[in-house]
Amino acid sequence: MILFVATSRVSGSDLGQLARQLASRISALPDGSRAVNLTARENGAVSEQELRELRRLLTEELKKRRVAVSQEPSALTIVLSFSEALSGKLLIAEIRRGEAPEAIILPVPAGPSASTPLRRVSLQKSLVWRQGEPILDFVLLPDGLLVLSPGKVSLIRNEVRGWTLEHVWDLRGVEHLPRDPRGRLLLTGSEFRAYLPRFECHAAVQAGSALACEPSNTGWPVVPGDSSDARLRLAKSRNYFDQLRTTNGPLPGLPPFYAAALLASQTGTVWALASLDGNTRFYNSRSAEIGRTNAWGPNLASAQVPDCSSWFLAVTDSEAGNEALQAFQWMTDHPMVGSERLELDGVSTALWADEGNRVRLVTRDLKSGRYAAWSVALDCAD
Amino acid sequence: MRTSGQLTRLEPASSPTTATDFALRLRLLPLVFEGLVKLNEQGRPEPLLAIAWNSSADFRRWNFTVRPGARFHDGSPVTASVLVDCLTTVENPFIVHEYEGKIVFESADPMPDLPAVLAMPDRAISRPTSKGATVGTGPFRIGEWEAGRRAVLVAFEDHWGGRPFVDRIFLEMAQPPKNQWMDLELGRADVIEIPVEEVRNTTQRGYRMLMSRPLELMALFFSSPPSSPHDLDLRRALALAIDRDAILRVLLQRQGEAAGSLLPQWISGYGFLFDVVRDVTRARSLLPAPGQVPEFSVGYRAADRLARSIAERLALDVQAVGIRLHPVPVQDPPLDSVTPAVMLVRVPIAIVDEKQALAGLASHLGLRLPEQTDWSQPESVFKAERELLKDVRLIPLFHLPVCYAVGQRVRYQRPEDIFLTQPLHLESVWVENQVQASIRLDSISGAQFLAMLSFGVRWPCHRTPKKRGTPPTNRRRHEFPHASSSHHRNGGRCCLHGSHLDPTCHYNSCV
C-alpha cells in the first residue's frame, strides 16, 4: 500500500532554514524597505500552525537583520504561502509593489513526507516457542532453536517426531540477574554467545559442548552484524542500560535507558532510546536530541527491510489496554506510523533486533503466566 | 464534416500545422511510437525503451540501458545501435553513440534535463522499413492510414509491455460533434472527445468521463509586440477588463482554471501570482482620452464553438471599459502565424515538465525564452515566465482540461490510468463484448475534429489477462496480514512462518 500524504508536514528544522533564507533575501531586496508587513495566505498546502510558525521564525530572523515587522502603511507588504508544484513544495513570498508580479520562491526541502509517498510495511509474527519459564532471548537455527532463560541456554531440535530438548547449558552461578532478568543471545558462526549482566558466555551449538563464561564489560550488541558494533552496557544490579558505545566510543550525555534501537534514515543515523521517564528520545549520531515521544513502551528494536528502508519497532498500547507492535519510519524530526498494529497475546517482556527484516519478540500471557517467543517479519507493503 | 484539423501523419518527426493536429498527435502518438523514457503524471521519468539511466556528476554524459527483448513492429529487435541510428536522424544538441551496449549521450553543456527532453513526443523512436513504411515499438502498429480521414491501429502482439487488450483501433477523423454524440448514443462509438463546456451535460446523460488535468492554454495572442507605450497600455487595459471568473462559471461550467500565467498552477506552483482579477477602474485609467474608442479584431477558429462563445463574451467585457472587440472566425489558423492581429488561441501543453512545457508553449507562439534561466530554480522559471508575459503579446485566459465521454462497453480500471496527461492509454482499455466497438475523438478545441476508433476485442473483461493495468495480485498491497493468532501445533510447541523449521507449518495454516 502506498500512502500519499496530501497535506504534508514541513519539519521544524526546515521551517527554520526557510525562514533564514527568506529573511536574507528580503533584507537584500533592492530598494527594499526596512519594515515589512507580513501576512500569510492559507491554501491547504501546509497546516495553519506551520504557516504561523514560519511567520514567527521569519519575524525573528528579520529582526536579526534589522528589518522591522510592522503594519504601517509604508511597510512593504509580503504575503507568505506554500504551494504545490510538480517539482515539489514551494514557499512563496509574494512582494506587493508595482504592477508586475514579484516573488521570492524557495523550494521546500523534499523530506520524505513532502513529495514522496510514505512507504509502509506489513508485520507478520510467527510463534516459535512457549514455555513456563521466562524467555530472555532466542535464536532460530536452521533445524532448531536456542532459548536463553534465567540460568540456562536450551538447545531444542526440530525432528521428525517433533521438538526435542537436546541440551541445556547451565548458567547458574555465572550471572547476577536483576529482579527483571535480561539477557541477549546471538549466533556467531557455529557458536552462540550469551550476554548477561557483567558476564559473557559462549559455546558451540552442539549438544555437550563446553560453555565458557568470563566477566565482560564490553556491552551487548544492539543489532546482530551491525558494522558500527553498537553496544549497550547494563547498569550494575539494574535492568536498564547506562551507556551506548559505538566504534567511535561512548555517545556522551545520554540518559539511562531500557532499550535502544538504531536506524539509518535519509538524514543519517538515528538512535531511539527508551528512557526511564517513560519517554522515547531520539538522537542523531552526535548525541543531539532530535525528537521525543511518550507513546511508546520500554521495548524497542529496529529492522532493515530490503528495498524498503529501516524501521523502528515499538510496543504501543491500544485503546483497549492491550499491547501491540507497530513499525515506525523516521521523518526528519518525528517517527511516523508505517504499519498496522500487530496485537500481542499478552504483554511484551523483550524485543530485540534480529538479522535483516526480523525482530525477536517475547510476550507473557497474563492469564496462564507462560512466555512465548515470536519471530516478527517486516515486509514492504507496496 | 470539416476538412480542417485533420491528422495527416503520426510519425514523431512530422510537424503538425495546427494546434488541433498537435494535440491529437500528443494523445495518439505514444500508442504507436515510444521514446527511451516517458514522464509520469508527477513529471518524473519512467522507463520505456530504456530501463535504466545515469549521468555523470556534471550532467554532460548520460548512459541509457536498453530494454532487453523489445521489438519494432516489423519484428526487428530494439538494440542500442539501432536506437542510436534513430536518435541521430533528428537535430540534436548532443552527441549520441553506443558504448558497450548502452546508449551514451554527450554534450559540452550540462544536460540535467535530458530524460525530460527524451520524453518529448518528437524524440519517440521510429524507423523506416525496407518497404517504405515507418515502424515504432508501441503497443499498436499502424494498419491503415488515410491522411486526415481514417486509420486503423492494430494490436502489436510482441509489445514488451504485453499485448493490448483490444485487437485494433479504427480511427475516423473530421466528424462533426453532432455525429459523435449520435454514434455514442447508438453504440457506434465508445469514446468521443467533448468540449469542456459539455462536461456537465455529458455527466447528466449518464456517461463516464475521462478528464485530464488542465492541459491546454487558452489565451489572446497578439501577432506582434506592442508598437508603442500607448499600445502596451491598451493591451494591459484589455487584460484587466476580462472577467475570467464569469466566463469560467457560465461558459466553461467551472471546468478548468482562470489563468494569468502560461503554465498551469499544478505544474508551476506559482500560477496564482499572476493576477486574473478583473479591474475595470484600472483598465479605464490605462485607456486614451475619452472620445477615442480602441478597436481590435479577435480571430478564433471558425469551427470552435467554445472559442466563439468566449470571444463574444470578451467583446462584452471589454466594451464595458470602452474597448471594441470584433470576433472574427478564421478557418484553421496555422500554429506559426496569426491573422488577424489578435487571435484567441488554444495551445496544448505537450509534456509534464516545467521547462519543456514552457519551451513548447513559447515555441508554438513564436516567443523567445530568456536565455539565462536556471530551470532547476522555481523562482528563475517564474521570472522567465514573467519576462515572456511582460510585453503583453499574450494574455492568458484559462487552463482547460481535455475531456472524453466513454460509452457503456468500454472498461478500464481507473479513468486516471487511461487519461490524465497527454497520452491516451488506449492499450489499457478493453471492451465488454466480443464485438467491434468504436471510439470517437473530437479535437481538443471542440467541434472540428473527430476521430472514430473502433476496437476489435480479444478478451472479454472477466478474463482480462494479467498485463499492465490489471490489478496487482499482491494482496499485501491492499491489506496488512497479521499472524497474530498463531496457535500451538504438535503439542503446543511450535509454529513458524514458512518452512523455516517446519515445512508443514505455513503462516496461513497458523492463523
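The values are calculated or read from the model by the stated rules, or taken from the named source; none is laboratory data. What you see is a predicted model; the values in this text were computed from it and never measured. Glycine gets a Cβ as well: all are built from the backbone with ideal geometry, and neighbour counts include every protein chain shown.
Couple of notes before you dig in:
- The residues in segment A:162-191 that are at pLDDT 90 or above, touching a Phe, Trp or Tyr at 6+ places or on another chain (Cβ under 9 Å) and assigned to a strand (DSSP E or B) can be counted, and the count is 4.
- Any hit, segment B:212-225, residues being buried (at least 20 other Cβ atoms within 10 Å of the Cβ) and among the small types (Gly, Ala, Ser): yes
- Any hit, segment A:217-225, residues being in a strand (DSSP E or B) and at pLDDT 90 or above: yes
- Conditions (1) part of a loop (DSSP other than H, G, I, E, B); (2) under 24 Å from A:Leu378 (Cα atoms); number of the one not met by A:Leu146: (1)
- Residue among B:Leu388, B:Leu367, B:Leu361 that alone is in contact (Cβ under 8 Å) with a residue 60 or more places away in the chain, away from chain A (no Cβ under 14 Å) and of a type in the set (A, V, I, L, M, F, W, C): B:Leu361
- Residue match in segment B:200-221 (condition: hydroxyl-bearing (Ser, Thr, Tyr), in a helix (DSSP H, G or I) and within 14 Å of another protein chain (Cβ to nearest Cβ)): no
- Within the set A:Leu211, A:Leu244, A:Leu262, the sole residue that is among the hydrophobic types (A, V, I, L, M, F, W, C) and over 21 Å from the mean Cα position of the chain (by Cα) turns out to be A:Leu211.
- Sole exception among (1) outside any strand (DSSP E or B); (2) in contact (Cβ under 8 Å) with a residue 24 or more places away in the chain; (3) surrounded by fewer than 17 Cβ atoms within 10 Å (Cβ to Cβ); (4) more than 35 Å from the chain's Cα centre (by Cα) for A:Leu62, by number: (3)
- Only residues that are touching a residue at least 12 places away in the same chain (Cβ under 8 Å) and either under 17 Å from B:Leu240 (Cα atoms) or of a type in the set (D, E, K, R) (or both) were counted across segment B:309-331, and they come to 14.
- The residues of segment A:343-379 that are within 12 Å of chain B (Cβ to nearest Cβ), surrounded by 19 or more Cβ atoms within 10 Å (Cβ to Cβ) and in a strand (DSSP E or B), listed by number, are A:Arg358, A:Leu361, A:Thr363, A:Ala372, A:Ala373, A:Trp374, A:Ser375, A:Val376, A:Ala377, A:Leu378.
- Those residues of segment B:287-297 which are assigned to a loop (DSSP other than H, G, I, E, B) and either touching a strand residue (DSSP E or B) at 6+ places or on another chain (Cβ under 6 Å) or modelled with pLDDT of 90 or more (or both), in sequence order: B:Val293
- Yes/no for B:Val82 being more than 20 Å from B:Val347 (Cα to Cα) and loosely packed, with under 15 Cβ neighbours inside 10 Å: no
- Complete set of residues in segment B:252-269 that are outside any loop (DSSP other than H, G, I, E, B) and within 14 Å of chain A (Cβ to nearest Cβ): B:Glu257, B:Gln265, B:Trp266, B:Ile267, B:Ser268
- Set side by side, the residues B:Arg249, B:Arg236, B:Arg284 differ, and just one is in a helix (DSSP H, G or I), within 14 Å of chain A (Cβ to nearest Cβ) and either among the basic types (Lys, Arg) or on the phi > 0 side of the Ramachandran plot (or both), which is B:Arg236.
- Scanning segment B:344-353 finds no residues that are in contact with a Phe, Trp or Tyr (Cβ under 8 Å, 6 or more places away or on another chain), in a helix (DSSP H, G or I) and of a type outside the set (Lys, Arg).
- Any strands (runs of 3 or more DSSP E) falling wholly within segment B:18-62 and containing at least 1 residues that are touching a residue at least 12 places away in the same chain (Cβ under 8 Å), touching a Pro at 6+ places or on another chain (Cβ under 7 Å) and away from every other protein chain (no Cβ under 14 Å): B:37-39, B:50-55
- One residue from A:Arg358, A:Arg370 being under 26 Å from A:Asn284 (Cα atoms) and at pLDDT 90 or above: A:Arg358
- Within segment A:98-132, the set of residues being at pLDDT below 90, part of a loop (DSSP other than H, G, I, E, B) and touching a Gly at 6+ places or on another chain (Cβ under 9 Å) comprises A:Pro101, A:Val108, A:Pro109, A:Ala110, A:Ala114, A:Ser115, A:Arg119, A:Arg120.
- Test for B:Asp167: is it farther than 26 Å from B:Ile351 by Cβ, assigned to a strand (DSSP E or B) and away from chain A (no Cβ under 14 Å): yes
- Every listed requirement among (1) modelled with pLDDT under 90; (2) touching a Phe, Trp or Tyr at 6+ places or on another chain (Cβ under 7 Å); (3) surrounded by 15 or more Cβ atoms within 10 Å (Cβ to Cβ) is met by B:Met120 save one, (2).
- Pairs, first without any contact (Cβ under 8 Å) to a residue 24 or more places away in the chain in segment B:63-91, second acidic (Asp, Glu) and surrounded by fewer than 18 Cβ atoms within 10 Å (Cβ to Cβ), C-beta under 8 Å, six or more apart: B:Ala80/B:Glu98; B:Ser81/B:Glu98; B:Val84/B:Glu98
- Considering segment B:298-335, the residues that are among the acidic types (Asp, Glu) and assigned to a loop (DSSP other than H, G, I, E, B) include one that is surrounded by the fewest Cβ atoms within 10 Å (Cβ to Cβ), namely B:Asp332.
- A residue that is modelled with pLDDT under 90 and crowded, with 23+ Cβ neighbours inside 10 Å occurs nowhere in segment A:286-293.
- Of the set (1) buried (at least 20 other Cβ atoms within 10 Å of the Cβ); (2) closer than 25 Å to A:Val79 by Cα; (3) touching a Leu at 6+ places or on another chain (Cβ under 6 Å); (4) not hydrophobic (A, V, I, L, M, F, W, C), all apply to B:Asp279 but (1).
- Which listed residue, of B:Val196, B:Val166, B:Val152, B:Val191, is in contact with a strand residue (DSSP E or B) (Cβ under 7 Å, 6 or more places away or on another chain) and surrounded by fewer than 20 Cβ atoms within 10 Å (Cβ to Cβ): B:Val152
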